[in-house]
Amino acid sequence: MNSHTPDPRRRGVILGAAAALAAPALVSAQARWKPEKPIVIYNPFAAGGVTDIQLRFMADKVSRILGQSVLVEIKAGAAGTLAPAQLLNAKPDGHQLACMSINSLRYPHYQQVAWHPLRDFTYICGLSSYTMGIVVRADSPWKTIEDLIAAGRKEPEKYTYGTSGVGGSGNLFMIEIDQATGAKFTHVPFKGGAEWTQALLAGHIDFLADAAQWAPFVDAGQFRILAMATEQRIPKYPQAPTLRERGINAIAHSPYGLVGPKDLPAPIVQSLYDAFNQATDDPGLQPILDRYIQVPWRRNPAEYRAYAEQYFNTIKPLLIRSGLAKG
C-alpha cells in the first residue's frame with residue numbers, strides 16, 4: 001500500500017477514538033437540565049437590602065442563561081431562616097430555591113425547628129459573605145468603640161442596637177463584646193438591613209452591629225464606623241479599627257449561598273451551579289458587592305456542603321458560651 005494512501009482500518013480507529021472523546025460532552029449536553037417554568041428564589045431578608053439587590057441582579061442574568069424567568073420572593077424573619085424552610089414541601093425539580101444565610105446553621109442549636117440544615121437541603125453554590133461592623137450616626141457623641149463600651153457599662157441596657165435577628169452574626173458578636181467588656185446593650189432585631197439603617201437614621205436605635213449595608217451611609221457622611229468585626233482593617237475604611245485591635249476577640253464570619261430541596265438530582269444541581277457561577281462572573285456584580293464591602297464567597301456544591309457540615313458541627317460551643325444554646 002502506498003504510504004500516502006490512508007489505511008481505512010487506521011481511519012476507523014481514529015474516528016472511533018474521536019467519537020469516544022466526544023461522547024462525554026454529548027452525554028453532558030443531553031443531561032443538562034432546563035427549567036420548565038419560572039424559578040423562585042426565597043430571599044431570607046427584607047426587600048431593598050444588599051442580599052435582595054444581589055439576588056435580583058443574579059436572577060436576571062440566570063434567567064437569560066437558562067431561558068426561563070427567575071423570580072425573587074421575600075421570606076424574611078426568624079433571623080433569616082424562614083426562606084430555606086419554604087423548601088421543606090417543595091418538589092426536588094429545581095423550580096424552588098432559597099438563599100441560606102449562616103444563621104440557618106446556628107438556629108437549630110438553640111431553637112426548635114422542623115428542619116435540619118444538613119439533611120433537608122441540597123447545597124448548590126456559595127454566593128457572597130457579609131462584612132460586619134459597628135456604626136453610629138454621624139452626630140453620635142461616641143467617637144470610638146471605647147466610648148460606646150464605657151456608655152454600656154455606665155448605663156447597662158439603656159442603649160439599643162439593631163441587627164438582622166436574634167442569633168444572627170451581629171447579635172452573636174455583640175454578645176461576645178458584652179461578655180468581654182462587661183457592657184450591656186439592648187438588642188432590637190429587624191428583618192434586614194434596609195429596615196435597620198432607616199431605624200438608625202430616624203434615631204429609633206443608638207447603633208448598628210451588622211453587615212455593611214450601612215456603607216453607603218458612611219460614604220455619605222451620615223454614619224460613622226466605630227469598629228469592624230473583621231480579622232484586619234478594611235482597605236476602603238483604613239481608619240476604622242478592628243475589635244481585635246481593641247482587645248476584643250470578636251470576629252464575624254457570615255457567608256451565604258443557594259440551596260434547593262433535599263434530593264435535588266445531580267443534573268439540576270450542576271445546571272444551576274453553572275448558571276449562577278456564570279452570573280457571578282458578570283462585571284456588573286462587583287460594583288454591587290464593593291458598595292457594601294461584600295466579599296465573594298464562591299463554593300461549588302461539594303465545597304458548600306463541606307463548609308456547612310464543618311460549621312454546624314463546631315459552632316455549638318460558641319453558642320453555649322454566648323448564652324444562646326444550652327449544653
Open item on the list: Going by amide H atoms built from the backbone, whose H comes under 5 Å of the H on residue 325, apart from near neighbours?
Closed with: 320
Open item on the list: Please check: in the Gaussian network model of the chain (C-alpha springs, under 10 Å), which one of 300, 277, 89 has the largest mean-square fluctuation.
Closed with: 89
TODO: Determine which lysines satisfy two conditions relative to residue 326: a Cα distance under 18 Å, and not lying fewer than 8 residues away in the same chain.
DONE: 316
Task: Sites residue 263 and residue 188 - FRET efficiency at Förster radius 35 Å, r taken between beta-carbons, to 0.05 - done: 0.35
Task: Efficiency of FRET from Cβ geometry, residue 73 and residue 34, R₀ 25 Å, rounded to 0.05 - done: 0.70
Open item on the list: Can you give the FRET efficiency to the nearest 0.05 for residue 220 and residue 158, using r as the Cβ-Cβ distance and R₀ = 41 Å?
Closed with: 0.90
Task: the chain: calculated mean residue ellipticity at 222 nm from DSSP helix runs of at least 4, using -39500 (n - 2.57) - done: -11500 deg cm²/dmol
Open item on the list: Through the Karplus equation 6.51 cos²θ - 1.76 cosθ + 1.60, θ set to phi - 60°, convert the phi angles of the stretch 314-320 into ³J(HN,Hα) values in whole Hz; use x for Gly and Pro.
Closed with: 10, 7, 4, x, 5, 5, 5
- [ ] Determine ³J(HN,Hα), in whole Hz, for all residues of the stretch 127-144 in sequence, where each value follows from phi through the Karplus function 6.51 cos²θ - 1.76 cosθ + 1.60 and θ = phi - 60°; x replaces Gly and Pro.
- [x] 10, 7, 9, 6, 9, 10, x, 10, 10, 10, 5, 4, 8, 5, x, 7, 9, 9
Open item on the list: If exposed means no more than 10 neighbouring beta carbons inside 10 Å and the site is in a DSSP loop, what's the longest run of the chain without any exposed trypsin sites (Lys or Arg not before Pro)?
Closed with: 120-325
TODO: Taking amide H positions as placed in the peptide plane 1.01 Å from N, state which residues far from residue 75 in sequence (5 or more) or on other chains have amide H under 5 Å from it.
DONE: 43, 45
Task: Spin-label zone in the stretch 195-222 - amide nitrogen under 16 Å from a point set 7 Å from the Cα of residue 180 along the C-beta vector - done: 209-210
Open item on the list: Restricted to Cα positions, what overall size does the chain have along the principal axes? Three whole-Å values, descending.
Closed with: 100, 42, 34
TODO: Please turn the phi angles of the stretch 166-175 into ³J(HN,Hα) values with the Karplus equation 6.51 cos²θ - 1.76 cosθ + 1.60 (θ = phi - 60°), one per residue in order, whole Hz, x for glycine and proline.
DONE: 4, x, x, 4, x, 4, 5, 6, 6, 4
Task: Greater than 18 Å apart at Cα, pairs in 191/262; 37/61; 37/262; 158/191; 158/184 - done: 191/262; 37/262; 158/191
Task: Inter-probe distance in nm under a simple model that places probes 7 Å from Cα toward Cβ, at residue 315 and residue 144 - done: 3.3
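None of the figures in this text is laboratory data; all of them are computed from the coordinates on show. In this text the structure is predicted, and so the values were computed from the model without any measurement. Please note: Cβ atoms are built from the backbone with ideal geometry, for glycine as well, and neighbour counts cover all protein chains shown.
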